[in-house]
1. Please find, among 209, 184, 227, the residue that is within 16 Å of ligand 2 (Cβ to nearest atom), under 20 Å from the mean Cα position of the chain (by Cα) and surrounded by fewer than 16 Cβ atoms within 10 Å (Cβ to Cβ).
2. If you go through segment 246-263 one residue at a time, how many are under 11 Å from residue 229 (Cβ atoms) and more than 15 Å from ligand 2 (Cβ to nearest atom)?
3. Just for helices (runs of 4 or more DSSP H) wholly inside segment 36-119: which have at least 1 residues that are more than 16 Å from ligand 2 (Cβ to nearest atom) and within 27 Å of residue 267 (Cβ to Cβ)?
4. Here is a list of conditions, (1) modelled with pLDDT of 95 or more; (2) in contact with a helix residue (DSSP H, G or I) (Cβ under 9 Å, 6 or more places away or on another chain), and residue 157 meets all of them except one; can you say which number that is?
5. Tell me, which helices (runs of 4 or more DSSP H) lie completely within segment 258-346 with 3 or more residues that are surrounded by fewer than 16 Cβ atoms within 10 Å (Cβ to Cβ)?
6. Could you tell me which of the residues 125, 56 is buried (at least 18 other Cβ atoms within 10 Å of the Cβ) and over 14 Å from residue 290 (Cβ atoms)?
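The values are calculated or read from the model by the stated rules, or taken from the named source; none is laboratory data. This is a predicted model, so every value here is computed, not measured. Cβ: placed from backbone, ideal geometry, glycine included. Neighbour counts: every protein chain shown.
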Ligand code: ADE
Ligand code: ZN
């Protein structure tokens, strides 16, 4: 649709107020900003948009595998060279969401990834991200909460440092703790004590599971790591007992269809289990995961999912309300958000 054609229909997917629970800051960098940073900091990444794109975005001709997908984050770690860069990418991630009519977003970030290139202290990274997100959210009228993320394939000791900081930063916008990374090879069990203690401090828990690993990982996330929500979790459908467990616990699934396709979880878009998850009565939501890496926005993702599975606007609204209802916010704030979205979706 040509958005400059005054006679064209409104893009309903752009206009709809949206809520997003699963988006990584490190997967949300604008390509033009990466080029700027590369030039400013003399980085030895290709000084051309197209070659840079190959390194940090999933192209049509690449293997759609999780190792190829995770490799993008390795290149991206080269870019976090100064406090200004970290503030800028945070600001732009929030601004891009607001312009896409996302009214509520939980943005997750990996402090260890952002601190690595220049060995920034983790608490400085937390300060830069929290401050920039708060200022930009106020400016653009979007509610943004932050989730600190750790990786399964990195050390338990680092995860513990991040979890303690996240607990301390709850008054600065951090609401949750997440574990991401290579689920196929690394169990979540060694992280269980950290997640238990984090939960006791008031942080909510979300766990990447049942994406590159099977339904047992979804069970582990719920029973061992105390997950309130599951990142992806699409492979839950392989075990009816885990489906029953998730329903009994009221677990919400942060589903990311394009990401699953590009990282090899499903071979074809039409194979995606989202419609079966909905039919099974699981609470599901639509998310981007890494919009820049996948070259999508939440609007384009919602539009793609609607077209692919013929969901219809009432069903899309229900998925949006699922996200609002599963937001990591206080009861009073949730009441306000629910009212805002109900009105916006009338
Ligand atoms: N980190 C960023 N995106 C991820 C994903 N889809 N799965 C696991 N770890 C991730
Ligand atoms: Zn993710």
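1. On the way: 209 fails: surrounded by fewer than 16 Cβ atoms within 10 Å (Cβ to Cβ); 227 fails: surrounded by fewer than 16 Cβ atoms within 10 Å (Cβ to Cβ).
Going through 209, 184, 227 in turn, the sole match is 184.
2. Count: 4.
3. Values: elements: 49-56, 66-76, 83-99, 111-116.
Here the list reads 49-56, 66-76.
4. (2)
5. Counting at least 3 such residues, we get 313-325, 331-344.
6. Details: 56 fails: over 14 Å from residue 290 (Cβ atoms).
After applying the criteria, what remains is 125.
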